[in-house]
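Student: If you scroll down you'll find the structure; I have some questions about it.
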Amino acid sequence: MLFDKKSKIGKELAMKKFIILFTVILLVGIDYVSFADDCPQGYTPKTVYFTWDEYPGCNYALDYCCKWDNQNLELKIIILWIWHPSGCVPSPGEWADFRDHFILMTRIHAIDNCAPPMADCDEEVPVTVEIRYSPCYYYENIWWAKFTGSEEWLLVLKRCIPVSDMCIRTYRICKDYELGEIVVLSYNCYPVEQPDCSFDEPTLPPRGKSWEEAWTTDCFARYCCPE
């Protein structure tokens with residue numbers, strides 16, 4: 001009987017260890033799966049980490065999808081989520097500068113991680129980079145470990161679903177290998193259609209809520225292109 005009890009206890013402990021291990025593995029994978037599922041078929045999920053001079057000491061992370069079209073020499077990028085601590089949220093008046101900065105950081109990261117070496121400006125056909133992003137967003141406050149390995153309250157800017165109205169930026173680029181620099185030959189920015197959400201900015205945090213609890217805002221619009 002004593003042996004049976006020890007055996008039973010040992011099995012229970014082993015099962016508890018398995019459950020804990022499985023839970024850890026699942027939680028580690030959630031961050032990847034959660035936005036990877038938003039990538040269209042054939043696209044690869046990526047994350048770029050960056051800073052912004054306007055908010056020294058703040059870390060940002062942007063989740064996006066990318067796809068290289070070798071036949072048309074085109075790099076396609078879809079921007080999904082932007083993560084930041086609550087004290088690092090750009091104001092509506094800072095949005096245009098922040099938008100242009102995170103698009104630049106995404107473009108640089110995708111060129112290095114989603115495409116073959118860029119065409120030489122002196123010899124080859126330029127490459128087209130197309131970046132798509134939503135004009136309609138909402139904020140979600142999430143308890144998550146994105147930057148430090150420790151869980152903390154983070155604010156995530158997410159595109160509203162369904163995404164039928166998109167902003168598009170296109171670049172024709174090549175690389176000057178003597179200088180080691182990417183050269184933008186032409187650039188265009190346009191909305192596919194006008195956003196179907198309001199331009200009214202949400203209150204952060206929403207009334208009756210705090211930065212130390214989960215919540216989401218309604219969808220709101222942001223301008224696609226430099227005015």
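The values are calculated or read from the model by the stated rules, or taken from the named source; none is laboratory data. The structure presented is a predicted model; accordingly, all values stated were derived computationally and were not measured. Note that each Cβ is placed from the backbone with ideal geometry, even for glycine, and that neighbours are counted across all protein chains shown.
Student: Could you tell me whether any residue of segment 157-169 is surrounded by fewer than 18 Cβ atoms within 10 Å (Cβ to Cβ) and either in contact with a helix residue (DSSP H, G or I) (Cβ under 9 Å, 6 or more places away or on another chain) or not assigned by TED's automatic domain parsing to the domain that holds residue 108 (or both)?
Tutor: no
Student: May I ask you to list the residues in segment 118-147 that are β-branched (Val, Ile, Thr), at pLDDT 90 or above and either within 22 Å of residue 69 (Cβ to Cβ) or assigned to a loop (DSSP other than H, G, I, E, B) (or both)?
Tutor: Once the filter is applied, which keeps residues that are β-branched (Val, Ile, Thr), at pLDDT 90 or above and either within 22 Å of residue 69 (Cβ to Cβ) or assigned to a loop (DSSP other than H, G, I, E, B) (or both), segment 118-147 yields 127, 128, 129, 131.
Student: Here is a follow-up. Name the single residue, out of those in segment 26-50 being aliphatic (A, V, I, L, M), outside any strand (DSSP E or B) and surrounded by 12 or more Cβ atoms within 10 Å (Cβ to Cβ), that is modelled with the lowest pLDDT.
Tutor: Checking each candidate, the answer is 27.
Student: Consider only pairs whose beta carbons are under 7 Å apart and that are at least six residues apart or on different chains; among these, list those whose first residue lies in segment 100-117 and is modelled with pLDDT under 95 and whose second residue is buried (at least 19 other Cβ atoms within 10 Å of the Cβ).
Tutor: none
Student: Is there a residue in segment 175-183 that is of a type outside the set (Ser, Thr, Tyr), in a loop (DSSP other than H, G, I, E, B) and touching an Asp or Glu at 6+ places or on another chain (Cβ under 8 Å)?
Tutor: no
Student: Can you give me the number of residues within segment 42-74 that are without any contact (Cβ under 8 Å) to a residue 60 or more places away in the chain and touching a helix residue (DSSP H, G or I) at 6+ places or on another chain (Cβ under 6 Å)?
Tutor: 9
Student: Name the single residue, out of those in segment 143-202 being under 21 Å from the mean Cα position of the chain (by Cα) and of a type in the set (Ser, Thr, Tyr), that is farthest from residue 124 (Cα to Cα).
Tutor: Selected residue: 150.
Student: What do you reckon, is residue 101 buried (at least 19 other Cβ atoms within 10 Å of the Cβ), out of contact with any Leu (no Cβ under 8 Å at 6 or more places or on another chain), not polar (S, T, N, Q) and not in a strand (DSSP E or B)?
Tutor: Judged against the criteria, residue 101 is not a match.
Student: Pairs, please: C-beta under 6 Å, at least 6 apart or cross-chain, first residue over 21 Å from residue 171 (Cα atoms) and touching a residue at least 60 places away in the same chain (Cβ under 8 Å) and in segment 210-227, second among the basic types (Lys, Arg) and in a strand (DSSP E or B)?
Tutor: Pairs that qualify, where the first residue is over 21 Å from residue 171 (Cα atoms) and touching a residue at least 60 places away in the same chain (Cβ under 8 Å) and the partner is among the basic types (Lys, Arg) and in a strand (DSSP E or B): there are none.
Student: Any idea how many residues of segment 190-217 are closer than 21 Å to residue 98 by Cα and in contact with a Pro (Cβ under 7 Å, 6 or more places away or on another chain)?
Tutor: 4
Student: Report yes if residue 87 is surrounded by fewer than 17 Cβ atoms within 10 Å (Cβ to Cβ), without any contact (Cβ under 8 Å) to a residue 24 or more places away in the chain and not aliphatic (A, V, I, L, M), otherwise no.
Tutor: no
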